[in-house]
Amino acid sequence: MIHGHMSRAAAALRDFAEAVIELATSGTTTEATFYPALQSLLTALLRERGLPFLVRANTAERRAGGGADLPDLALYESSGDYAVLLGEVKTPRDEIDELARSIERGDQVGRYLAQTGVVLLSNVRSFALLIRDPAFQGTGPVPPAARRLLAVVELWPSRAALVADKPIAADAVEKLGELLEIAVTEFAAIAEPESLARILARLARRAKAGLPAKFSQAVQPLLDDFARHHPPSRRPARAAAAAGRRVRDRPARSLRARSAGRELAGTIEREQAEAEAVLGSVSDEALAQALAKLETAVTRIQVASRAR
């Protein structure tokens, strides 16, 4: 149950709750019955965050060794040609941790995890991200022992709570959106340049929004730490003043020291102003390009380190 002013995603969650509560009370409901409600909810969450993916139900994915997988839900790139996230759905009677360990249907969950590196799990009343243990280096389906639940968002703690229409937490929409964003930005393999560009632009906007309005406040802890670890006599400005007192018989040198201190302070202020001006003028596209270059550089460093 959700009340008050709502965003589109919150309204979608309200509609989802109304639909699944009615379905959960029916004795003939199967997991496939919940697919349309799940598809609508996930679509709304992705659109709210500007993530360019399509949600499909009852799709088919070809296996490398022949045959096809039939994920309950799947997220595709905007072209609809490439699945970046596969999903497994169970009814509200099932538990997420049991689904995470499932080897049903020829270890379907393990196959999905081997294919995409992340699987979206749902028992309608909860959503979770299942990932592969980084230490696992095997081939084929990922075994239960090498699976890790990264995040779980619970709407209702039990089927009884769902059927009774117990209130959903106010932050559920935000948490669900964050869960999807983590899945597609941190784990999913994205092949479509347009999708990658849009995701990088979104990450750039978030990074830009997280920058402090004034760097003086943001770096104050660093300045305090510097003060604790450097005695006053070693700080540039005070050191210059102390040097001036010790060499009063050499006034010219003292004047130069004071001038140097004032020049240093002025330089710091100018650099701070220039940094703030640059950050304020940088476009989202430029930040996205910078992030892409940074990611490439980090990858090269990692490869070089492993080669040593």
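The values are calculated or read from the model by the stated rules, or taken from the named source; none is laboratory data. Every value quoted in this text rests on a predicted model; they were computed, and no experiment measured them. Every residue, glycine among them, receives a Cβ derived from its backbone with ideal geometry; neighbour counts consider all protein chains shown.
Does I168 satisfy the condition of being modelled with pLDDT of 65 or more, surrounded by 15 or more Cβ atoms within 10 Å (Cβ to Cβ) and not in a helix (DSSP H, G or I)?
yes
Suppose the filter is assigned by TED's automatic domain parsing to the domain that holds E77, surrounded by 18 or more Cβ atoms within 10 Å (Cβ to Cβ) and not small (G, A, S); does L150 pass it?
Values: assigned by TED's automatic domain parsing to the domain that holds E77: yes; surrounded by 18 or more Cβ atoms within 10 Å (Cβ to Cβ): no; not small (G, A, S): yes.
No: the conditions fail for L150.
Quick check: anything in the range 88-111 in the same structural domain as A57 (by TED's automatic domain parsing), touching a residue at least 40 places away in the same chain (Cβ under 8 Å), farther than 24 Å from T29 by Cβ and surrounded by 19 or more Cβ atoms within 10 Å (Cβ to Cβ)?
yes
Here is a list of conditions, (1) among the polar types (S, T, N, Q); (2) over 18 Å from E88 (Cα atoms); (3) within 28 Å of the chain's Cα centre (by Cα), and N58 meets all of them except one; can you say which number that is?
Of (1) among the polar types (S, T, N, Q); (2) over 18 Å from E88 (Cα atoms); (3) within 28 Å of the chain's Cα centre (by Cα), only one is false for N58: (2).
Looking at (1) at negative phi; (2) surrounded by fewer than 20 Cβ atoms within 10 Å (Cβ to Cβ), which one does N123 not meet, given that it meets all the others?
N123 satisfies all of (1) at negative phi; (2) surrounded by fewer than 20 Cβ atoms within 10 Å (Cβ to Cβ) except (2).
When you scan the range 138-151, do you find a residue that is touching a residue at least 12 places away in the same chain (Cβ under 8 Å), closer than 20 Å to S40 by Cβ, of a type outside the set (D, E) and assigned to a loop (DSSP other than H, G, I, E, B), even just one?
Within the range 138-151 (the criterion being touching a residue at least 12 places away in the same chain (Cβ under 8 Å), closer than 20 Å to S40 by Cβ, of a type outside the set (D, E) and assigned to a loop (DSSP other than H, G, I, E, B)), the answer is no, since none of the residues qualifies.
Which of the residues spanning the range 88-130 are within 22 Å of the chain's Cα centre (by Cα) and at pLDDT below 95?
Matches in the range 88-130: Y112, L113, A114, Q115, T116, G117, V118.
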